[in-house]
Amino acid sequence: MAADYSAARVNMIEGQIRPNKVTDPFVVEAFLAIPRERFVPEALAGVAYVDEDVPVSPGRYLMEPMVLARLVQELALSRADKVLAVGVATGYAAAVMAEMAGSVVALESDGALVEAARKALAGVAGVTVVQGDLAAGHAAKAPYGAILIDGSVSEVPASLLDQLAEGGRLVAVVINAAGLGEARYYRKVGGVVSHRVMFDAAVRPLPGFERRAEFVF
């Protein structure tokens, strides 16, 4: 008989997400609707709701719930939005956003994780899992009204910003010059992308976004 994690899900909402300035009822309902334990290895189901990043494969993690919830809230998703979720691992963030958006393209580079995501997302409407280079995005279905990078990065590549629709938003945790994580919000207006820092955040790095080497003269 499968374990019931509904109480743990409610505790995640009340103990982690709401206290972290997540007030949008649609975001709260989305996190309540998706069983996080389905997106972690079976042996880790019991810790699926802890307030930290949970490993799902070597070097890959589900982002800490309260950070992910803040990022998703900032996107202000609606059914008019087509979303690109970059580095989805097993697909949890994509499933959450599918509760609010019109459709979600879930991009993953690791073949084993692509298969795991497709299995975990079976029955979740509106999500398409694709395999490819994370930093390159998925131009075939661009432009996107919203993009989420599911892990910390050294920089947001122009290739992703270029795939934003006019008025589109992108959220990511970017490692600054001091080595600290900053949750940033990007928006394209008049063809120009600007950004602001929202809050500090420490989440695991997403492979494939290492800072480019620069020549020093």
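FYI, it's all coordinate maths here, none of it is from the lab. Here the structure is a predicted model, which means the values were calculated and not measured.
For every helix of n ≥ 4 consecutive DSSP H residues, a contribution of -39,500 (n - 2.57) applies; sum these over the chain, divide by its total residues, and give [θ] at 222 nm rounded to the nearest 500 deg cm²/dmol.
-6000 deg cm²/dmol
Pairwise over distinct Cα atoms, reciprocal of the mean inverse distance: report the Kirkwood radius of the stretch 1-104 in Å, one decimal place.
13.9 Å
Can you pull the three principal axis extents for the Cα set of the stretch 5-200, in Å, largest first?
46, 35, 34
Among the lysines, select those whose C-alpha is under 28 Å from the C-alpha of residue 188, and discard any that sit fewer than 8 residues away in the same chain.
Partners within reach: 21, 82, 141.
Tell me the angle of helix 65-75 to the major Cα principal axis of the chain, expressed in degrees between 0 and 90 and rounded to the nearest ten.
So the inclination is approximately 50 degrees.
What is the set of long-range amide H partners of residue 165 at a cut-off below 5 Å, with H atoms built 1.01 Å from backbone N?
Counting only residues 5 or more places away or on other chains, the set is 144, 145.
5 Å is the cut-off here: which amide hydrogens, built 1.01 Å from N in the peptide plane, fall below it relative to residue 151, excluding neighbours closer than 5 in sequence?
173
Where the Cα atoms of the stretch 52-136 are projected onto their three principal axes, how long is each span, largest first, in whole Å?
Answer, in whole Å and largest first: 34, 27, 26 Å.
Pop out the ³J(HN,Hα) list for the stretch 3-9 in order, Karplus 6.51 cos²θ - 1.76 cosθ + 1.60 with θ = phi - 60°, rounded to Hz; leave Gly and Pro as x.
After applying 6.51 cos²θ - 1.76 cosθ + 1.60, I find 5, 9, 9, 4, 5, 5, 5 Hz.
If you take every DSSP beta bridge fully contained in the stretch 5-200, what fraction is antiparallel? Give it as a percent rounded to 5.
45 percent
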